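Readers should treat all values here as calculations from the given coordinates under stated rules, not as data from a laboratory. Not measured: the values here are computed from a predicted model. Note that each Cβ is placed from the backbone with ideal geometry, even for glycine, and that neighbours are counted across all protein chains shown.
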Amino acid sequence: MKTRPIILLLFFAVATTTLAQNKIKANDIIKQINAGKSVEYSKVEIEGDLDLTDLENRRVKRSSGWFNGNGDEFESSVEVSLKFTDCTFLGNVLAYYHIERSNETYVAHFEKDVVFRNCVFKIASEFKYSEFNGIASFEGSMFNEPANFKYAEFSNGPNFARVKFEDGADFKYTEFPRETSFEKATFRGLANFKYTKFRSPLNMEGVAFRGNEDFNYTKIDGRDFTSYLLTK
């Protein structure tokens, strides 16, 4: 008769442990990055803001001219690979933010591979001015709020295949290398590609624009991008 309560207690303990393992604090991920450990998670919820601009290697450099006037720019470098699969980010994912009152800009750059596969970004996702020096893949992910990749730089063609931009995306002034993919991506809201530069080959097969799009001054291989789309 005592066996059953023991079994129930063990089941409860296992269930509680499993539940705990399905959630992780964003600050714990930052600690891993600062310790030089590669980050890899699958099927977890990330609680709190993942602020990649606030790393131990953050440095300040004086900006000039068009970037942010006389304000300071603070740069962090993510020196380990990041891989998230089927994860949900409950807070903001920040590789960029700007403080108006002090005219300070905070940016994170990525030295190795960055993979967000089949993930959900519940709130803000800021990658403005970020440099991606390895693989960059957001394949199958969903952005519930506007995704900001304005001025982002990619060393390799990023993968945005099957991504759902539920409230638009800003790729203004972004320069995309060869082998970029937006295959079967869906844009709701404004898809802003103004002044963007693409290089072929480019995969836009099955892309769907359900809101407004801006391809003014957009180029591919130096020629008009709108004409390129009409031939596809």
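What's the magnitude of the charge dipole for the chain around its Cα centre, counting Lys and Arg as +1 and Asp and Glu as -1 at the beta-carbon? Answer in Debye, nearest 20.
About 580 debye.
For the peptides 161-173, 47-59, 25-37, what is the packing order when you average, over each peptide's residues, the other Cβ atoms within 10 Å and list the highest mean first?
161-173, 47-59, 25-37
Roughly what would the spin-label model give for residue 42 and residue 223, points 7 Å off Cα along C-beta, in nm?
4.4 nm
Can you work out the Karplus-derived ³J(HN,Hα) for every residue in the stretch 180-187? Use 6.51 cos²θ - 1.76 cosθ + 1.60 with θ = phi - 60°, whole Hz, and x for glycine or proline.
Going residue by residue, I get 6, 10, 10, 4, 6, 6, 10, 10 Hz, with x marking Gly and Pro.
Looking at the stretch 82-192, send over the antiparallel percent of its DSSP beta bridges, to the nearest 5.
The answer is about 10 percent antiparallel.
Output the pairs from 25/122; 164/219; 37/184; 25/112 with a Cα-Cα distance over 25 Å in this structure; if there are none, say none.
37/184
Evaluate the relative contact order of the chain (contact order divided by residue number), counting alpha-carbon pairs under 8 angstrom at least 6 apart; express in whole percent.
Relative contact order for the chain comes out at 11 percent.
If all Cα-Cα distances of the stretch 152-232 are sorted into 10 Å bins from 0 onward, what percent lands in each bin, rounded to whole numbers?
20, 59, 21
Could you please state, rounded to a whole Å, how far the C-alpha centre of the stretch 121-163 is from the C-alpha centre of the stretch 175-207?
Each part reduced to its Cα centre gives a spacing of 12 Å.
Report the antiparallel proportion of the DSSP beta bridges in the stretch 69-147 as a percent, rounded to a multiple of 5.
The antiparallel fraction comes to roughly 15 percent.
Pop out the ³J(HN,Hα) list for the stretch 29-43 in order, Karplus 6.51 cos²θ - 1.76 cosθ + 1.60 with θ = phi - 60°, rounded to Hz; leave Gly and Pro as x.
5, 4, 4, 4, 4, 5, 7, x, 9, 4, 10, 8, 9, 9, 6
Have a look at the DSSP beta bridges in the stretch 134-232 and tell me what percent are antiparallel, nearest 5.
Of all bridge pairs located within the stretch 134-232, approximately 10 percent are antiparallel.
Apply the a/c threshold of 1.5 to the C-alpha gyration tensor of the chain and tell me whether it is rounded, prolate or oblate.
oblate
Quick one: grab Rg to one decimal and Dmax as a whole number for the stretch 29-135, Cα atoms only, in Å.
Expressed in Å, the Cα Rg and Dmax of the stretch 29-135 come to 14.1, 43.
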